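What follows is a short report on a single structure.
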Amino acid sequence: MFRKYLLLLIVTFSGVSSIFAQDQLLVNAYNRTTTSLNGNWKYIIDPYENGYYNYRYEPFDQQEHPWASAFFLNSKPKSPSDLIEYDFDQMDELNVPGDWNSQKAELLYYEGTVWYKKSFDYTFTKKEHRLFLYFEASNYKTEVYFNGKKLGTHIGGFTPFNFEVTDLVKEKDNFVVVKVDNKRLKEGIPTLNTDWWNYGGLTRDVKLIETGSTFIQDYFIQLNPENNQQIKGYIQLKGDDIEQQKIQLSIPELKINRRLKTDEKGFATFEIPAKKVQYWSDENPYLYQVILETKEEKLKDQIGFRTIRTKGTQILLNDTPVYLRGISIHEESPLRDGRGYSEADAKQLLEWAKELGCNYVRLAHYPHNEHMLRLADQMGILVWEENPVYWTIDWENPSTYQNAENQLAELIARDKNRASVIIWSMANETPNIPARNNFLNKLAQFAKSKDATRLISAALEQKNYKDNPLIRTIDDPFADQVDILSFNEYIGWYDGLPDKCQKITWKIEQNKPVLISEFGAGAKKGLYGDKNTRWTEEFQEDLYVQTLKMIDGIAKIQGISPWILVDFKSPRRVLPVIQDGWNRKGLISNDGQKKKAFYILQDYFKKKANSE
Ligand code: GCB
């Protein structure tokens, strides 16, 4: 213990604070022994990062004797003569989880640093246990401090991370200070330019996770994609005593009870025959109770087993062709303003998708919270998950690539046991240039190396075939790397009027399943008029009618995810009265009212489902 403490001190004061590494992520945070740190946190708005840098612009947390003005110290005057120019305890509070923009009017457009502080007491359930501070997400760059010591840094706004606090935690008066900075960056993932609100803050759950002194850090338990009568995977232990450890893997309903032994790295692999599996599908979302037991821990999960692969132009779920009746979704709460984070938020969004007739959702344009995936598993909704590589990022920058890869690694680490997830999407509407091609090829290779049980895709763009504006094609070298060819198209909205759909023919030459990952039109709920008047419900309705008719003529199409389920906030959308800061392409308005086009798509999906 003392040795670890010393190491931490060295790391903290040598100026090299650690960046969170995804191989430290505790998977299945949902079923562990946890203490929630949700609730009210004190906060300080710090646009000049005055609590982080001294007047020479040197970070306080890299100095041996940081000045008491450093916010991470949570300093208090010890005598009346002490000069300390901040006091968390006298500040206002923000709710965690939750973005700051939707909680305080003064923070609506804010992009910069906010400091959070929470104090708490803690008693271990067992003395020799370990403790981790876990963040489900924090947007965008996060510096974490615990009882005045730096734990590390995390970059990326939508994936989980954790730091160990075993040797720092006390029974009384612990304090966590977190610096969250949501400044957009050219070299960031995403970059400066997006079409969604840049919600900042501790946007998802924060908790303490208590583990054994040796603990299950990670596991991957899925059907072998090469053999659907076999469950295959690995378990990774970390901690004090990882070598030659016994792990019991049981799936009682399948009468699986396998004793595994770890190697010198705490790693155990397995291949277990599983003959009578009820396969998970959209129609029968069957989940098995899976139990992992070590001498110190018992960890449960609910896992579905299925295969997903492509054959020619078909997508096969458990070797049966499946058509993806989908919709795109942003992670915004339909119940309050702001980022969605709760199970109730996720439930409302997915129930609407079900009501629409969906068996599939595209979670755009970044990883959504874990509730979405857990519920999709239970409700039988297939899922596309997406890395926030969006539009034109800094393709040539090696640290940008590393950042994209880290975020994808964290997403795969979190969700690789969710049967509902069938597609990892690398990117959205990226330009066809050599630097981007190298970037995405590398990313796709990485994703495949991490997870062979899912399909790779990306939302690509369509273009004119041989300069003929009435024939469209997908001409993009990245199309060769994907398992599913997906593209966005806005014929009838950014490209002519809806009746143009009937003039277009398609020449898609790749022998792959094709998804239309986006199409759509903006409409203000309650604005009625003729079908050629923009922003009316009739215009949007007609666009759906025309597009669906066009799509029926494209043989390779195996699914669609129109843009989008609900209106969402975007600073790009400034047209008064109509937009007022909202992208209006939702089939449902931001106050939960269905527009006419909702029923067109519902009807289409009903017919599709019946014809399958
Ligand atoms: C797109 C983008 C999406 C936008 C949408 C729009 O192609 O992928 O993020 O929000 O168009 O509404 O313009």
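Where a number appears in this text, it was derived from the coordinates with a stated rule and is not lab data. Because the structure is predicted, anything quoted here is derived from the model rather than measured. A quick note on method: Cβ atoms are made from the backbone with ideal geometry, for glycine too, and the neighbour counts reach across all protein chains shown.
List the residues, sorted by chain then number, that are 5 or more residues from Thr166 or on another chain and whose placed amide H is less than 5 Å from its amide H. It is Leu131, by chain and number.
Counted by neighbouring Cβ atoms within 10 Å, the residues Leu349, Leu601 run from fewest to most as Leu601, Leu349. For the range 204-213, backbone phi angles converted through the Karplus equation (6.51, -1.76, 1.60; θ = phi - 60°) give residue-by-residue couplings of 10, 3, 10, 8, 9, 10, 9, 10, x, 5 Hz, Gly and Pro being listed as x. May I ask which residue of Asn228, Val577, His154 lies farthest towards the positive end of the charge dipole of the chain, with charges of +1 (Lys, Arg) and -1 (Asp, Glu) on Cβ and the Cα centre as origin? Of the candidates, Asn228 comes out farthest on the positive side. For the range 553-612, the pair-distance distribution built from all alpha carbon pairs, in bins 10 Å wide starting at 0, is 20, 40, 24, 14, 1 percent. Ranked for footprinting exposure by Cβ neighbours inside 10 Å, fewest first, Val96, Val389 give Val96, Val389. Summing Cβ point charges (Lys, Arg +1; Asp, Glu -1) relative to the Cα centre of the chain gives a dipole of roughly 1280 debye. Each residue of the range 124-218 gets 108 Å³ once the volume of the Cα convex hull is shared out per residue. Averaging the Cα positions of each part gives two centres, and for the range 567-612 and the range 297-355 these lie 19 Å apart.
Neighbour counts of C-beta atoms inside 10 Å place His154, His129, His368 in the sequence His129, His154, His368, starting with the fewest.
Applying a DSSP loop filter and a limit of 12 other Cβ atoms within 10 Å to the trypsin sites (Lys or Arg not before Pro) in the range 186-287 leaves Lys186, Lys255, Lys265, Lys275, Lys276. Sorting the Cα pairs of the chain by distance into bins of 20 Å, from 0 upward, gives 19, 52, 26, 3 percent per bin. The eigenvalues of the Cα gyration tensor, multiplied by 5 and square-rooted, give the range 214-296 an equivalent ellipsoid with semi-axes of 25, 12, 11 Å from largest to smallest. For a test of the definition: using alpha carbon positions, the gyration tensor, and the 1.5 limit on a/c, classify the range 6-211 as rounded, prolate or oblate. The shape class here is rounded. The lysines within cross-link reach of Lys500, meaning a Cα-to-Cα straight distance under 25 Å and a gap of 8 or more places when in the same chain, are Lys463, Lys466, Lys524, Lys525, Lys531, Lys549, Lys556, Lys585, Lys595, Lys596, Lys607, Lys608.
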